[in-house]
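Read through the structure below, which is laid out as structure tokens, and then see the notes.
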Amino acid sequence: MAATDTVIAVNGLGKTYASGFQALKAVDLQIRRGEILALLGPNGAGKTTLISIICGIVNPSMGKVTVDGHDIVRDYRRARGLIGLVPQELTNNLFDTVWATVSLSRGLFGKPPNRTYLEGLLRDLSLWDKRNEKMMGLSGGMKRRVLIAKALAHEPQILFLDEPTAGVDVELRRDMWAMVRQLRERGVTIILTTHYIEEAEEMADRIGIINRGELMLVEDKAVLMRQLGKRQLIVQLQQPLAALPPAVQGRAVELTDNGGTLVYTFDAQGEQTGVGDVLRALAREGIEFKDVNSSQSSLEDIFVGLVRDSNRERGGA
């Protein structure tokens, strides 16, 4: 990756808290300008700690981070000015109006007033009609919209979304992802953490998986799905079988559905998938099929498998 393609560079980043808990372990990560990167991981994996260090909220124990070439420690103000953050928690002054809250956020970053831009932002988030209401009078979903408006008020080049759709209604989730797509089209780099794996699968250009403070992998979504995704041949039988036919024993074939279905798992990228051999072997045995189809493992399957294998290697559950 060329240096000009990297907007955030994380090198050897580690964080150990006073309690001795090691939240991050020598993380290396290059985030590309203009991409949507999804960070997936169980609770306590280190996702929020990583984001908080990049955004200057938490101090690292080791390592270095630069944002568009600006060191987050030595040149904090410039680095932070490029970033918008939508945190998990609802943190707003309840006595301020929506307009005052968003305007103040813009001013804190030294940006001159721009009523046209802020009006457009509030309209995009369905907040314009609420602009003169105090924060205390808003619903939880509306408060979440204000957090997004605050994060975008100073026109950042990079937007962090930390579990942005956890506990929000379907309408807000739909509006938020529509806005994410628009921002990416304008060249904004977007990094999100999420428990909704289907959102990462739909939205992200690349996927990063974190577990126990370690960045297990970062890969283009399509490449990840090809490399780690498995395909299955699902054969529904005319008559249930009591046991696997001898002709397919020793292959990755399972008998399921009380003997009514055969499932053959294979690597779709391999030179020889073995699908034809399995079907011919079943035909030689005189086994009749009711239906034959195939399916590919989802991102969730890949994620769960990677985390499970990682935990086993470390003696976890």
Practice task
Assess whether Arg145 counts as being in the same structural domain as Met176 (by TED's automatic domain parsing) and farther than 21 Å from Glu163 by Cβ.
Solution key: no
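Wholly within the range 5-64, which strands (runs of 3 or more DSSP E) include no fewer than the required count, namely at least 3 residues that are of a type outside the set (A, V, I, L, M, F, W, C)?
Working: elements: 6-16, 22-32, 36-40.
Fully inside the range 5-64 and qualifying: 6-16, 22-32.
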Fill in the blank from the handout: Considering only helices (runs of 4 or more DSSP H) wholly within the range 76-138, the ones with at least 3 residues that are more than 27 Å from the chain's Cα centre (by Cα) and not hydroxyl-bearing (Ser, Thr, Tyr) are 98-108, 115-124
Handout entry: Criterion: within 28 Å of Glu198 (Cα to Cα), buried (at least 20 other Cβ atoms within 10 Å of the Cβ) and of a type in the set (Lys, Arg) - qualifying residue of Lys130, Lys143, Lys150
Key = Lys150
Practice task
For the range 90-104, indicate whether the set of residues that are modelled with pLDDT under 90, among the small types (Gly, Ala, Ser) and surrounded by fewer than 16 Cβ atoms within 10 Å (Cβ to Cβ) is non-empty.
Solution key: no
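I need a count of the residues in the range 154-170 that are part of a loop (DSSP other than H, G, I, E, B), over 20 Å from Arg33 (Cα atoms) and either β-branched (Val, Ile, Thr) or out of contact with any Leu (no Cβ under 7 Å at 6 or more places or on another chain) (or both). Lay out the reasoning, then the answer.
Here is the first cut: in the range 154-170, the ones part of a loop (DSSP other than H, G, I, E, B) are 154-157, 163-169.
Remaining after also requiring over 20 Å from Arg33 (Cα atoms): 163-169.
After this cut, where a residue has to be either β-branched (Val, Ile, Thr) or out of contact with any Leu (no Cβ under 7 Å at 6 or more places or on another chain) (or both) as well, the list is 163, 165-169.
Total meeting the criteria: 6.
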Practice task
Kindly establish whether Val7 is among the β-branched types (Val, Ile, Thr), modelled with pLDDT of 95 or more and surrounded by fewer than 23 Cβ atoms within 10 Å (Cβ to Cβ).
Solution key: yes
Exercise for the section: State which residue is modelled with the lowest pLDDT when the search covers only the range 261-292 and only residues that are touching a Pro at 6+ places or on another chain (Cβ under 7 Å) and assigned to a loop (DSSP other than H, G, I, E, B). Expected result: Glu285
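Confirm whether Ala151 is more than 17 Å from the chain's Cα centre (by Cα) and part of a helix (DSSP H, G or I).
yes
Yes/no matrix, rows are residues, columns are (1) crowded, with 21+ Cβ neighbours inside 10 Å; (2) out of contact with any Phe, Trp or Tyr (no Cβ under 9 Å at 6 or more places or on another chain):
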| position | (1), (2) |
| --- | --- |
| Asp169 | no, yes |
| Arg186 | no, yes |
| Thr189 | yes, yes |
| Thr193 | yes, no |
| Ile209 | yes, no |
| Val218 | no, yes |
Problem - Residues (modelled with pLDDT under 85 and either more than 35 Å from the chain's Cα centre (by Cα) or of a type outside the set (S, T, N, Q) (or both)) located in the range 228-246 - result: Leu228, Gly229, Lys230, Arg231, Leu233
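Okay, residues lined up against (1) in contact (Cβ under 8 Å) with a residue 24 or more places away in the chain; (2) within 22 Å of Met176 (Cβ to Cβ); (3) among the charged types (D, E, K, R):
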residue	(1), (2), (3)
Gly12	yes, no, no
Tyr17	no, no, no
Gly20	no, no, no
Ile31	yes, yes, no
Leu50	yes, yes, no
Val58	yes, no, no
Thr66	yes, no, no
Arg74	no, no, yes
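The values are calculated or read from the model by the stated rules, or taken from the named source; none is laboratory data. Note that the structure is a prediction, hence the values are computed from the model and not measured. Note: ideal-geometry Cβ built from the backbone for every residue, glycine included; neighbour counts use all protein chains shown.
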